[in-house]
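Following: one structure in structure tokens, then a few remarks.
Read the figures in this text as sums done on the coordinates, not as results from a lab. Computed from a predicted model, the values in this text were never measured in an experiment. All Cβ positions, even for glycine, are placed from backbone atoms using ideal geometry, and neighbour counts span all protein chains on display.
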Amino acid sequence: TRALLAGMGVYQEGIAKQQVNGKDVTAHIYEYTTQVGMSIKNDVVSLVPKQQPVQMLFCLKEKNSKKINSHS
């Protein structure tokens with residue numbers, strides 16, 4: 001979820017713009033190298049700091065049309 005990605009530093013709420021140079025944005029790409037991992041115990045997710053660095057890429061579509069649109 002976005003909350004977990006925000007906790008890891010990958011996603012930041014409120015910085016995405018819906019338009020750039022008067023054109024609608026179709027997707028937002030976030031990139032971050034994090035050293036925060038996660039641990040799951042008894043269905044509870046916990047963040048674990050000081051892990052091995054991992055580069056994360058996250059793409060968030062502006063409109064969810066239930067398809068990737070890779071064919072158009």
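Numbers for the structure displayed
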| quantity | calculated |
| --- | --- |
| Taking the chain and dividing mean pair separation by its residue count, relative contact order in percent (alpha carbons under 8 Å, at least six apart) | 31 |
| Nearby aspartates and glutamates by direct alpha-carbon distance to Lys61 (threshold 16 angstrom, same-chain neighbours under 8 apart not counted) | Glu13, Asp24, Glu31 |
| Aspartates and glutamates whose Cα lies under 14 Å from that of Lys23, excluding same-chain neighbours fewer than 8 positions away | Glu62 |
| Residues in segment 1-16 reached by a label modelled at Ile40 [backbone nitrogen below 20 Å; 7 Å Cα→Cβ] | 1-11 |
| Size of charge dipole - the chain - debye, nearest 20, with Cβ of Lys, Arg +1 and Asp, Glu -1, no other charges | 180 |
| Extent along principal axes [Cα atoms of segment 2-61; Å; largest to smallest] | 46, 23, 14 |
| Among beta bridges that DSSP assigns inside the chain, antiparallel share in %, nearest 5 | 100 |
